[in-house]
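What follows is a set of notes on a single structure, which appears directly below.
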Amino acid sequence: MKDGMKLDAELDPNINPCRPDLAAAHLRDLVAAERYVEGSRRQAVRGIVPLRGRPDETAPQTSELIYGETFVVYEEKDGWAWGQCEADGYVGYARAGGLSAEVIEPTHRISALRCFVFPEPSVKTAPLKALSLGARVAVTDRRDRYLRIAPEGWVHETAVEPVGSVTPDYLATARRFLGVPYLWGGRSSLGIDCSGLVQVSLGAAGIRVQRDTYLQRDTLGDSVPLDGRPLERGDIVFFPGHVGMMLDDRTLLHSTAYWMTVCEEPVADVAARTLESEGAGIVAVRRPTRG
């Protein structure tokens, strides 16, 4: 081991592509591994590509790649690609069939909560796939009110906006997910978890957010003292293993496994519930900052 080299345990494997047998080349001086490799960029070409903690369809989903997101692959074996999502740095195993070696730079992003991709510029044709909010697409042509995207298909112009566009009110974005089912590891309008809702909503506002609750608790915006002062609209509130957003000084918007959906409820009720089940209520509050 080189002088000053960190032990594997000191690097979080959820956001650092490192295993005892394999690690990304850029971690060579930081982590011990049997071999180091340069990654190759791939792109998600399905509406949703699940990420798992191990190469097994029965393994719990840890996150998702959304259509158009890029994924740096460090190993491909038995139909599985192990790598790191470039959008949020999250590491996992994805089915290689959902990834393309051709990376197309996006020009637009999906601004609708969900939209269909049609084979022709007509609402009467059978859709090829559905895309969720935040998916990245490359527009190559226009016909009437439809936009052609690479490599195939057409989306309606009302469903997209240029890359770089932002929706400043992230709570308004989050409320569009009301009623969407809770899904462990979900990041889309088909199913989303608590930290995924925070990440996607703030991401639409141009605020980059880490994937998991514990990462968000340590890195998102500025810490707000837990000294009894009232919570404010937009505050991000953390409980043991859970996170939500304040709509006002009393109401929490969150995706919760308790109700199995995205919903609004009194923050005091959530705090009391987690105090009873986890031994603690609110454990941290952070206020997002831009830039």
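Before moving on, here are some points about what is shown:
- Percent antiparallel among DSSP beta bridges (both partners in the chain, rounded to 5): 95
- Using C-alpha pairs below 8 Å separated by at least 6 residues, the relative contact order for the chain is 12 percent.
- Restricting region 216-291 to trypsin sites (Lys or Arg not before Pro) that sit in a DSSP loop and have at most 14 other Cβ atoms within 10 Å of their own Cβ leaves Arg233, Arg250, Arg290.
- Using C-alpha pairs below 8 Å separated by at least 6 residues, the relative contact order for region 1-111 is 24 percent.
- Rounded, prolate or oblate (a/c below 1.5 giving rounded, otherwise prolate when a/b exceeds b/c) for region 215-272 by Cα gyration tensor: oblate
- Per residue, the average separation of C-alpha pairs within less than 8 Å and at least 6 apart gives region 18-77 a relative contact order of 31 percent.
- Within a Gaussian network of the chain (alpha carbon springs, distance under 10 Å), most fluctuating of Val270, Val37, Val160: Val37
- Whether region 242-288 is rounded, prolate or oblate, judged on the alpha carbon gyration tensor where a/c under 1.5 counts as rounded: oblate
- Candidate values [x] 20.1, 65; [y] 19.2, 59; [z] 24.3, 106 were compared with Rg and Dmax of the Cα atoms in Å computed on the shown model; the agreeing label is [x].
- Rounded to 5, the percent of DSSP beta bridges in region 95-233 classed as antiparallel: 95
- Surface share of carbon and sulfur [accessible, 1.4 angstrom probe, percent] for region 32-74: 47
- Overall form of region 43-87 per C-alpha gyration tensor (a/c, 1.5; a/b vs b/c): oblate
- Residue-normalised accessible area of region 2-89, given per residue in Å² at a 1.4 Å probe: 48
- Around Arg35: net Lys/Arg minus Asp/Glu count, Cβ-Cβ under 13 Å: -2
- Carbon + sulfur, % of accessible area of region 166-223 - ligands and nucleic acids excluded, 1.4 Å: 55
- Full-stretch length increase - Thr140, Thr251 - with 0.36 nm per residue and alpha-carbon distance subtracted: 35.6 nm
- Region 234-291 - accessible surface per residue (Å², probe 1.4 Å): 46
- Only Lys, Arg (+1) and Asp, Glu (-1) charged, at Cβ; region 184-258 dipole about Cα centre in debye: 220
- Most mobile listed residue (His108, His242, His26) in the chain, GNM with C-alpha springs under 10 Å: His26
- As a fraction of the 1.4 Å probe accessible area of region 101-144, surface on carbon and sulfur atoms comes out at 52 percent.
The values are calculated or read from the model by the stated rules, or taken from the named source; none is laboratory data. Please read these numbers as outputs of a predicted model, since none were measured by experiment. Positions of Cβ are generated from backbone atoms using ideal geometry, with glycine treated the same way; all protein chains shown enter the neighbour counts. Please note that ligands, DNA and RNA were not included when accessible areas were found on the heavy atoms of the full protein model with its side chains. Shrake-Rupley method; radii C 1.70, N 1.55, O 1.52, S 1.80 Å.
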